[in-house]
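Okay, structure first, notes after.
Just so it is clear, none of the values below were taken in a lab; they were calculated from the coordinates. Everything numeric in this text was worked out from a predicted model, so none of it was measured. Please note: Cβ atoms are built from the backbone with ideal geometry, for glycine as well, and neighbour counts cover all protein chains shown.
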């Protein structure tokens, strides 16, 4: 079907809604996380079983539902029965009891770790209860490969309003009044960027979507492209109308095969329906999108390096005296926003800038999607209003620290972010507050760390990543990061000196102040923030030659507690280096000359007899 006007789109939406409104549905998460737990096999088995039993129900493979720790996930609607950790052996029972007879299977329900209660409905689970899902709202509801599903939920209604009722200047005005800031890390005001690109002189203009999500542990943009690709396309269409662009590009990581597959399918469907191409919906807007797969270079998340890569060159940034809004892709005015920013645009147009502006803090409006990972019970994707406290995110939504361990720090902003200690858990999450704490919003990664984390090793680990990912174009980043890493490595090996701490601060500040692009300017954050908040750990490594969490191998030994060892011989049997001596039912000892500190004895001991000293 090719839509030729706004009225036809409204008519089609009404028809599709009437057609599907009475059907019960099963939404099975088909995001990458649940696919890793073989949700695709569950989908095939579920469809086969439902067909065999002649049950009238719609089965949808949706995008990520968020609670990735507990996948594969399923929601039966309209009852909103939420099942987790489903196995193939559960499918027959789900079909027979829940889909056929309306019964609830208790063992598949979520159990609240605080109360022990089994919770039936999805929205009663604490993980979901405190979220405010706007951009992520449809991810667990629609089939991302169905343009019809998107249209039923109001998809492309923002575009029709723009084409019918608004001028480009009015669209930019709405985005400006909303207070939306770019969700890719920089937090630059979106409306201001659009206005700059619109007034820039040029025969052609581009809008570009940055889906080059390179932060370890972050997968917000991937999940949006996987679960609701049309929301990104609609946002880009509105941006193209406002800026005056005819061409768009989506730059996505090649490591995201499902996201690539779904966005390419969505673009093809949008073309068939007349939502991309010439004279869209009978208007004067002509616009199309191409997808480019990136090779996975972290530096290509930086705007000018991304433009270089799009043109087929090596991804290296350029100096910022000319902005990409004036001279970007092929030296033409180019507006670059990330996936989440584009997906916010239809929401702002549909609900109004004033409504959007009421959500969040004075300087950070709307919601933000985060990937919550690390030492926290409920890992996954969350969407919360700007201004929510770190404590609410970690303990109310995330469920706290597993194993009865203590919270130590949370890193925000990815590998170039900072580590924030427990004393600031009640500070709010927004662009300005996180910056004041020595960290940043970044694209939205939150990594929780517990008492067993060595903060010196954390800084060393992220510096090693950033050294590898630096393009090497500018000396401060190329040489400065290498020097920081060398000093950190010495400290974790027990070879550090007190004067190293002053050197870390001096070099870190130099790299921040003089690097060419944002990679170098933010790369010292893990070092500077851990020095700021965990200096005692650095001193312990340097002065006492000790790593209390027992992470830095050069600074601890394994020893067997004579009083706890039962002589069960399990550690001796499992040791691959034959470093443990002792007879059955006698106290064992570790030969430190043979021990390589692999940790197997520590992991297998059932009596807590193996200690790090």
For this session: Note down the nm distance, to one decimal, between modelled labels 7 Å out along Cα→Cβ at residue 506 and at residue 129.
Result: 5.4 nm
For this session: Mind putting together the pair-distance distribution for the stretch 279-333? All Cα pairs, 10 Å bins, whole percent per bin, short to long.
Result: 22, 43, 23, 12, 1
For this session: Consider all pairwise Cα distances in the stretch 96-154 and report the whole-number % of them above 15 Å.
Result: 65 percent
For this session: For the stretch 147-357, list log₁₀ I(q)/I(0) at each q in 0.13 Å⁻¹, using the Debye formula over Cα point scatterers of equal strength and ignoring solvent, two decimals each.
Result: -0.66
Seminar exercise, completed: Quick calc: nm separation of the 7 Å Cα→Cβ label points for residue 118 and residue 544 -> 4.8 nm
For this session: For the stretch 306-458, restrict the atom set to alpha-carbon positions and state the Rg and Dmax in Å.
Result: 18.2, 56
Problem set entry | Overall form of the stretch 241-341 per C-alpha gyration tensor (a/c, 1.5; a/b vs b/c) | oblate
For this session: Please work out the FRET efficiency for the pair residue 79 and residue 4, using the Cβ-Cβ distance as r and a Förster radius of 30 Å; give the result to the nearest 0.05.
Result: 0.15
Seminar exercise, completed: To the nearest 0.05, the calculated FRET efficiency linking residue 87 and residue 167 through their beta-carbon distance, R0 being 56 Å, is 0.50
For this session: Can you run the Rg to Rh ratio on the chain? Use alpha carbon positions and the Kirkwood inverse-distance Rh.
Result: 1.01
Exercise. Fully extended, how many nm does the chain gain between residue 587 and residue 57 (0.36 nm per residue separation, minus their Cα-Cα distance)?
Worked result: 184.5 nm
Problem set entry | Rg and Dmax [Cα atoms of the stretch 361-450; Å; Rg one decimal, Dmax integer] | 11.7, 38
Exercise. If you bin every alpha carbon distance in the stretch 455-544 into 5 Å steps from zero, what whole percent lands in each bin?
Worked result: 3, 17, 29, 26, 15, 8, 2, 0
Exercise. Looking only at the stretch 487-502, which residues have a backbone nitrogen under 17 Å from a spot 7 Å from the Cα of residue 554 in the C-beta direction?
Worked result: 487-501
Exercise. Modelled label-to-label distance, residue 595 and residue 199, 7 Å Cα→beta-carbon offset: nm?
Worked result: 6.9 nm
Exercise. Computed FRET efficiency, Cβ-Cβ of residue 351 and residue 97, R0 25 Å: what is it to the nearest 0.05?
Worked result: 0.05
